[in-house]
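Participant: Encoded as structure tokens, here's the structure I'll be asking about.
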Amino acid sequence: MPENASYQQIGEIFARYDSFVIMSHVRPDGDAIGSQLALGLALEAAGNRVRMINDDGLPDNLRFLPGSDRIELPPTEPLEDYEVAIALDTATKPRLGEASLNAASKAKVWLNIDHHKSNPRYGDVNHIDSSSPATGEILYKLITALNLPLPDASRDAIYVAVSTDTGSFQYPSTTADTYLMAADLIKRGLDVGKMNSQTYDSHPYRRVELTRALLNTLELTGGGRVAHWELTLATRDSLGLKPEDSEGLIDMIRAIEGVTVALFFEELDGGKIRVSMRSKDPRIDASDVCGQFGGGGHALAAGIRMAGPLAEAKQQVLAAVCAALPGA
Ligand code: AMP
Ligand code: MN
Ligand code: MN
């Protein structure tokens, strides 16, 4: 397995080439889009040509980020004249999506920067730091170490990337470095109140309707240690939901006293099921449990895309979770 490239070695790639196609995972979250904008706009400010593409485009909840209109759907033809492909916050290469992989297929060099411990290092150059709470924090360290420009839009994107992946600087992955980074971003002019309000206090009404629907499906199992709820296609369609509407809602059931594992099951088009898993107990490794079904992620936050139907996926995953409970 290739070793982690140093920031200096990554800097050599930035110096040698001048065109970059920057990607992140399907169903992008704040860390995915924030990381793309942070690095993309910094490389552009340094005089490079940059395209930022995502298979699912820009979710509405992140449109407030300055520069976010630069996030595009992948072009249908491969990008001929972009030398370096950069995958950010993406645990496996297929999670970039087929259209993005096709668009980047002519790149000469693949750079893979991520914080998922399950990342198999699929780049030519890899920097995987599973001790980092967010890919955005790795990029902050990279950009400042290399003395790259840090435009205001990159600054804001880094803040939102790290804030959303740490549950607002709460999860145990948050370190002193994380708070020092946030302090530095504020010193550089970040409007912390506005940024938090745009991230957390501006949800569409249908997200609350989704919460009500999810609560109606809430169940506890494993002696009260496992909480799960589910979203069917019928509910999605009747409420007119968008993929990003459920982002972060799992924290509500994760927060139940006595619960150590929270699960969200979601029906997707094409008969697939998306599973979100959160653990509050370091003895239960969510990435390992999800790995049993082809998924992955972090020790305390992981996910799966698996075959349905919903009832079957639920039964299998709940059985694996209950088997992983201490004392099971
Ligand atoms: P989510 O529940 O979608 O917020 O995902 C939790 C964490 O697990 C994120 O860091 C995801 O990138 C990661 N993750 C989700 N689904 C998968 C998957 N199928 N394979 C690998 N990592 C995943
Ligand atoms: Mn992500
Ligand atoms: Mn992340």
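Here, each number is a calculation from the coordinates, and none is a lab measurement. All values reported here derive from a predicted model rather than from experimental measurement. Note that each Cβ is placed from the backbone with ideal geometry, even for glycine, and that neighbours are counted across all protein chains shown.
Participant: Once you list every other residue whose beta carbon is under 13 Å from the beta carbon of LYS242, what net charge do they have if Lys and Arg are +1 and Asp and Glu are -1?
Facilitator: Computed value for this residue: -3.
Participant: In whole angstrom, note down how far apart the Cα centers of the stretch 79-140 and the stretch 1-63 are.
Facilitator: So the separation of the two Cα centres works out to 8 Å.
Participant: How big is the Rg/Rh ratio for the stretch 187-240, C-alpha atoms only, Rh by Kirkwood, two decimals?
Facilitator: Rg/Rh: 1.20.
Participant: While we're here: What per residue convex hull volume, in Å³, comes out for the stretch 237-328 when only alpha-carbon positions are used?
Facilitator: Convex hull of Cα atoms, per residue: 101 Å³.
Participant: Can you give me the relative contact order of the chain as a percent, contacts being Cα pairs under 8 Å and 6 or more apart?
Facilitator: 14 percent
Participant: Would you mind calculating the relative contact order of the stretch 7-200 from Cα pairs under 8 angstrom and at least 6 residues apart, reporting the percent as a whole number?
Facilitator: Across the stretch 7-200, relative contact order equals 24 percent.
Participant: With all pairs of different alpha carbon atoms counted, what Kirkwood hydrodynamic radius in Å does the stretch 7-200 show?
Facilitator: 16.3 Å
Participant: Suppose R0 equals 41 Å. What FRET efficiency, 1/(1 + (r/R0)^6) with r the Cβ-Cβ distance, do ASP69 and GLU312 give to the nearest 0.05?
Facilitator: So the FRET efficiency works out to roughly 0.50.
Participant: Hey, if you drop one equal point scatterer on each alpha-carbon of the stretch 137-179 and run the Debye formula without solvent, what base-10 log of I(q)/I(0) do you get at q = 0.24 Å⁻¹?
Facilitator: Here log10 of I(q) over I(0) equals -0.84.
Participant: Here is a further query. When the chain is treated as a GNM, springs tying every alpha-carbon pair under 10 Å, which of ASP60, ASP201, ASP29 comes out with the largest mean-square fluctuation?
Facilitator: ASP201
Participant: What percentage of all Cα-Cα pairs in the stretch 60-119 are separated by more than 20 Å?
Facilitator: The share of Cα pairs beyond 20 Å in the stretch 60-119 comes to 36 percent.
Participant: Using only the Cα atoms of the chain, each taken as one equal point scatterer with no solvent, compute I(q) by the Debye sum, divide by I(0), and report log10 of the ratio at q = 0.06, 0.10, 0.12 Å⁻¹.
Facilitator: Values, matching the q order: -0.20, -0.57, -0.82.
Participant: Let me ask something else about it. If each DSSP helix of 4+ residues adds -39,500 (n - 2.57) and the sum is divided by the residues in the chain, what number results at 222 nm, nearest 500 deg cm²/dmol?
Facilitator: So the calculated ellipticity at 222 nm is -11000 deg cm²/dmol.
Participant: Local charge sum around LEU180 (other residues, Cβ-Cβ under 14 Å, Lys/Arg +1, Asp/Glu -1)?
Facilitator: 0
Participant: Averaging sequence separations of C-alpha pairs under 8 Å and six or more residues apart, then dividing by the length of the stretch 206-324, give the relative contact order as a whole percent.
Facilitator: With pairs under 8 Å counted, the relative contact order is 19 percent.
Participant: Taking the Cα centre of the chain as origin, sum charge times position over the Cβ atoms of Lys and Arg (+1) and Asp and Glu (-1), and report the length of that vector in debye to the nearest 20.
Facilitator: Computed about the Cα centre, the dipole is about 400 debye.
Participant: Greater than 24 Å separation of Cα atoms is the criterion. Which listed pairs, LYS141/LYS187; LYS93/LYS117; LYS242/LYS314; LYS93/LYS272; LYS194/LYS280; LYS106/LYS242, meet it?
Facilitator: Long pairs (Cα-Cα over 24 Å): LYS194/LYS280; LYS106/LYS242.
Participant: Moving on to the next point. List, in order, the whole-Hz ³J(HN,Hα) value for each residue of the stretch 206-211 obtained from phi through the Karplus relation with A = 6.51, B = -1.76, C = 1.60 and θ = phi - 60°; use x for Gly and Pro.
Facilitator: In residue order, the calculated couplings are 4, 5, 6, 4, 4, 4 Hz.
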